[in-house]
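Here is the structure we will look at, set down as structure tokens.
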Amino acid sequence: MAVALLTPGYQALHPAARSKLLQWLPGLALSGALAATAMALGQLAWLQLHGLTALTLAIVLGMLLGNAMLPWLPPLGRAVGPGVQVSKQTLLRLGIVLYGLRLTVQDIGHVGLIGLVVDALVLGTTFGLACWVGTRWLGLDRKTAMLIGAGSSICGAAAVMATEPVLRARADQVTVAVATVVVFGTVAIFVYPLLFVLNQHWQLIPGGAQTFGMYAGSTIHEVAQVVAAARAIGPDAADAAVIAKMVRVMMLAPFLLGLSAWLARDAARAGKATPSAPTPLAVPWFAFGFVAVVLFNSLHWLPAPVLAFAAELDTVLLAMAMAALGLATHLGAIRKAGIKPLLLATMLFGWLVIGGALINRWIPALLG
């Protein structure tokens with residue numbers, strides 16, 4: 001790292017860019033070290049036999065370090081914070097975009113209309129359940145229930161952050177929602193490979209690893225968590241899961257438009273509408289980047305060695321993102337959330353596992 005800072009390329013950077021890079025380096029280095037350790041451990045036969053992939057190990061190592069050491073070393077935590085955030089957000093999105101080089105339009109055709117309907121039903125039922133159970137049964141305020149519902153039904157913390165400006169939610173409401181969806185999405189990483197083993201005996205979701213991957217992609221919270229859980233099952237499951245998940249992610253923009261229209265209608269009915277500037281929508285650019293790369297890869301212009309290198313680089317980026325996600329998952333934030341948001345997130349997780357499985361079983365049978 002020190003040598004890199006002396007290169008002409010670094011010296012040619014704008015001073016503001018050099019300052020940013022210096023802020024990011026400690027966190028990027030820590031994420032990279034954890035990712036490298038996880039990738040090395042992931043080559044061990046015993047861990048592979050038990051489904052512990054590099055991505056799963058990366059988040060475990062990140063959580064262990066983030067909860068056991070960093071809280072006791074505040075200066076270190078502050079130093080690595082900016083770089084960890086870059087790994088958790090920017091590198092994750094780059095990794096997902098690059099993942100498009102593993103897929104083609106023909107692969108997406110395997111998901112088709114059935115996958116679109118499944119994702120839409122999972123999204124609609126989960127968000128509706130969050131609003132109904134959260135406000136009527138648990139007595140949560142509507143904004144908190146909606147934020148947890150958006151994170152559970154679409155794409156985790158990213159959906160929470162995208163929904164916040166539409167709801168004009170408070171910072172504490174956003175923090176609670178992010179904490180709950182990150183935790184239960186992380187639990188899903190370890191639960192879904194076990195569910196796959198059970199499903200091989202029960203056959204609740206017929207069709208093997210690919211259809212189970214669609215189930216995982218349509219029900220797990222975060223994109224990175226989908227990748228980690230599905231990669232632990234196998235490459236066929238991972239490909240189907242990422243496609244199904246990216247369809248959900250691309251539903252974020254129409255979801256926000258619909259939610260904004262719904263809230264405006266409710267405000268007008270209640271006589272509370274006030275003139276204001278329209279809220280800008282947080283469009284998930286990486287979802288469209290993923291689609292663009294898939295379309296490019298469908299042309300089959302890149303040679304096999306380039307695709308192999310891209311796959312290895314993609315694994316590094318995703319492992320760094322998973323390590324950063326683990327570093328940012330603080331158990332103390334869950335205690336602060338209180339019991340009601342956790343109860344709502346638990347019920348939604350149960351619905352995603354059980355209700356999502358039923359949707360993934362019945363819709364293909366009805367439309368097939």
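The values are calculated or read from the model by the stated rules, or taken from the named source; none is laboratory data. Quantities reported herein were computed from a predicted structural model and do not represent experimental measurements. Don't worry about glycine lacking a Cβ; one is built from the backbone with ideal geometry, like all the others, and counts go over all protein chains shown. For the accessible areas, the whole protein counts, side chains as well, though only heavy atoms, and no ligand, DNA or RNA atoms are used. Shrake-Rupley method; radii C 1.70, N 1.55, O 1.52, S 1.80 Å.
Pick out the one residue from Ala162, Ala169, Ala120 that is outside any helix (DSSP H, G or I) and surrounded by fewer than 24 Cβ atoms within 10 Å (Cβ to Cβ).
Ala169
For the stretch 299-315, does any single residue satisfy the condition of being in contact with a helix residue (DSSP H, G or I) (Cβ under 6 Å, 6 or more places away or on another chain) and open to solvent by 80 Å² or more (accessible area, probe 1.4 Å)?
No, every residue in the stretch 299-315 fails to be in contact with a helix residue (DSSP H, G or I) (Cβ under 6 Å, 6 or more places away or on another chain) and open to solvent by 80 Å² or more (accessible area, probe 1.4 Å).
Output the residues belonging to the stretch 191-213 that are out of contact with any Ser or Thr (no Cβ under 6 Å at 6 or more places or on another chain) and open to solvent by less than 10 Å² (accessible area, probe 1.4 Å).
Correct list: Tyr192, Phe212, Gly213.
Could you run through the stretch 320-354 and say how many residues are of a type in the set (D, E, K, R) and without any contact (Cβ under 8 Å) to a residue 24 or more places away in the chain?
Result for the stretch 320-354: 1.
Could you list, ordered by first residue, the pairs with Cβ atoms under 7 Å in which the first is in the stretch 293-319 and more than 22 Å from Lys88 (Cα to Cα) and in a helix (DSSP H, G or I) and the second is hydroxyl-bearing (Ser, Thr, Tyr) and open to solvent by 30 Å² or more (accessible area, probe 1.4 Å), at least 6 apart or interchain?
Here the result reads none, with nothing in the stretch 293-319 linked to a residue that is hydroxyl-bearing (Ser, Thr, Tyr) and open to solvent by 30 Å² or more (accessible area, probe 1.4 Å).
Could you check, for the stretch 281-288, whether at least one of its residues is at pLDDT 95 or above and open to solvent by less than 30 Å² (accessible area, probe 1.4 Å)?
Looking through the stretch 281-288, none of the residues is at pLDDT 95 or above and open to solvent by less than 30 Å² (accessible area, probe 1.4 Å).
Determine whether the stretch 175-198 contains at least one residue that is of a type in the set (S, T, N, Q) and within 17 Å of Met161 (Cα to Cα).
Within the stretch 175-198, one or more residues are of a type in the set (S, T, N, Q) and within 17 Å of Met161 (Cα to Cα).
From Ala241, Ala216, Ala188, Ala253, which residue is in contact (Cβ under 8 Å) with a residue 24 or more places away in the chain, over 30 Å from Gly338 (Cβ atoms) and open to solvent by less than 10 Å² (accessible area, probe 1.4 Å)?
The unique qualifying residue is Ala241.
All but one of (1) modelled with pLDDT under 85; (2) open to solvent by 60 Å² or more (accessible area, probe 1.4 Å) hold for Leu103; state the number of the condition that does not hold.
(2)
Any residue at all in the stretch 180-194 that is over 16 Å from the mean Cα position of the chain (by Cα) and outside any helix (DSSP H, G or I)?
No, the stretch 180-194 contains no residue that is over 16 Å from the mean Cα position of the chain (by Cα) and outside any helix (DSSP H, G or I).
Under 6 Å between Cβ atoms, at least 6 apart or on separate chains: pull out the pairs that start in the stretch 127-141 with a residue that is assigned to a loop (DSSP other than H, G, I, E, B) and end on any residue that is among the hydrophobic types (A, V, I, L, M, F, W, C) and open to solvent by less than 50 Å² (accessible area, probe 1.4 Å).
The qualifying pairs are Leu138/Leu344.
For the stretch 320-360, which residues satisfy the criterion of being assigned to a helix (DSSP H, G or I) and farther than 23 Å from Val133 by Cβ?
Within the stretch 320-360, Met320, Ala321, Met322, Ala323, Ala324, Leu325, Gly326, Leu327, Leu331, Gly332 meet the criteria.
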